[in-house]
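One structure below.
Every number here is computed from the coordinates shown, using simple stated rules; none is lab data. Predicted model, so just to flag it, every value in this text is computed and none were measured. Virtual Cβ from ideal backbone geometry, glycine too; neighbours counted across all protein chains shown.
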Amino acid sequence: MAEQKPSIETSLPELKVLETLQERLERSIILKSAAWRLKDIIRHLMIRWFKERTTGIEGLLTAEELPELVSLVRTAFRTWASRESLDLLRRLEKLAQDLQVELPVTSPAQYEADFAAWAQQQATMIRLGLWEDVDQENVAEELEGLSRSDHHELEHRLEVLTTHLLKWQYRLQYPDAERGWRLTIVEQRRRLSRLLHRSPSLGPTCPAVFEEIYPHARLVASIELGFPDDTALPPVCPWTVEQALDPDFWPEPVS
């Protein structure tokens, strides 16, 4: 019985990776030309493989083809960021280095120059477990910034909520404003609920933040109510932060 020849899939997995990259490129309207060019290169490589039956893609490539193929694989990597495609890219770049072939100049997306591209690149490296390629200092700074952002949002929304609850409590001379203030209170409570659900560690800080923002909320409410100063409003908040966040709590009106 004649020995069965190995398939492309089992003998040269690099071609299967290139085919997948080509398919991903083809799905993008703006990358169609790159997909067609990569498909053409794959066709030539397959013809050579059927003739030569090499065990690696290195034996099928010429030095002249390497720069374009590396450029195409780099482009396609953005559409299929996988360990397989990255391994192939690094293998091709290593081959170019061994053959002393000059490759197109490329550099990682810079944090300062293009934040969106940088963030996407960092997410890809983390998902692939390539920790040595992660911009650790800037990633850590961004994570700390997200934490600070949540704290700032908590302060801001609690202040807006408290201001409007005070106005609601002293609303008798502004009956026309009642509907708008009610909508603001409902919306701020909804957003605060979502924030605390997303970042439950903020919950224990609410009482201290509530106490801290009250003086300014009192001042703003006094101005918007037309009082000559803030002495007409309680010097200490008449309700707890739990009450303020409770969707069923509405302070009794004060004349």
Next item on the list: Treating the angle as unsigned and between 0 and 90°, give the value, to the nearest 10°, between the Cα long axis of helix 178-198 and the longest Cα principal axis of the chain.
Entry: 50 degrees
Check: Could you put Thr162, Thr184 in order, starting from the residue whose Cβ has the fewest other Cβ atoms within 10 Å?
Finding: Thr184, Thr162
Notebook entry, point to check: Along the positive direction of the dipole of the chain (beta-carbon charges: Lys, Arg +1; Asp, Glu -1; about the Cα centre), which of Leu166, Trp118, Leu21 reaches farthest?
Noted result: Leu21
Next item on the list: Specify the angular offset, from 0 to 90 degrees and rounded to the nearest 10, of the alpha carbon long axis of helix 13-26 from the longest principal axis of the alpha carbons in the chain.
Entry: 50 degrees
Note to self: Number of Lys pairs in the chain with C-alpha atoms less than 30 angstrom apart, excluding same-chain neighbours closer than eight positions?
What the structure shows: 13
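Relative contact order, percent, of the chain when contacts are C-alpha pairs under 8 Å separated by at least 6 residues?
Values: 205 pairs, mean separation 36.2, N = 255.
Value for the chain: 14 percent.
Calculate, for Thr54 and Arg74, the FRET efficiency according to 1/(1 + (r/R0)^6) with r their C-beta to C-beta distance and R0 35 Å; round to the nearest 0.05. Before the final figure, lay out each step's value.
Numbers: r = 24 Å, r/R0 = 0.67.
With a Förster radius of 35 Å, E is 0.90.
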Margin query: Students often check this: by mean Cβ neighbours within 10 Å, which of 165-172, 131-138 ranks highest, and how do the rest follow?
Written below: 165-172, 131-138
Check: Which residue, Pro67, Pro228, Pro200, tops the fluctuation ranking in a GNM of the chain built on C-alpha contacts under 10 Å?
Finding: Pro228
Next item on the list: Using only Cα atoms, tell me the angle between helix 206-225 and the longest principal axis of the chain; keep it within 0 to 90° and round to the nearest 10.
Entry: 60 degrees
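222 nm [θ] for the chain, helices only, -39500 (n - 2.57) per DSSP H run of 4+, per residue, to 500? Don't jump to the answer; show the numbers that get you there.
Details: 10 runs with 160 residues, N = 255.
-21000 deg cm²/dmol, from helical runs alone.
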Margin query: Using the crude model of +1 on Lys and Arg Cβ and -1 on Asp and Glu Cβ, and no other charge, please compute the dipole size for the chain relative to its Cα centre, in debye to 20.
Written below: 1140 debye
Notebook entry, point to check: Hey, fewest Cβ within 10 Å first, where do Tyr214, Tyr174, Tyr111 land in order?
Noted result: Tyr174, Tyr111, Tyr214
Margin query: So if I restrict to the alpha-carbon atoms in segment 144-220, what is the Rg, and what is Dmax, the biggest pairwise distance, in Å?
Written below: 13.4, 45
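Take every Cα-Cα pair in the chain and report what % of them are more than 25 Å apart. Each step should come with its number before you reach the end.
Details: 20313 of 32385 pairs.
The answer is 63 percent, as a whole percent.
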Checklist line | Order of Arg148, Arg37 under a 10 Å beta carbon neighbour criterion, fewest first | finding: Arg148, Arg37
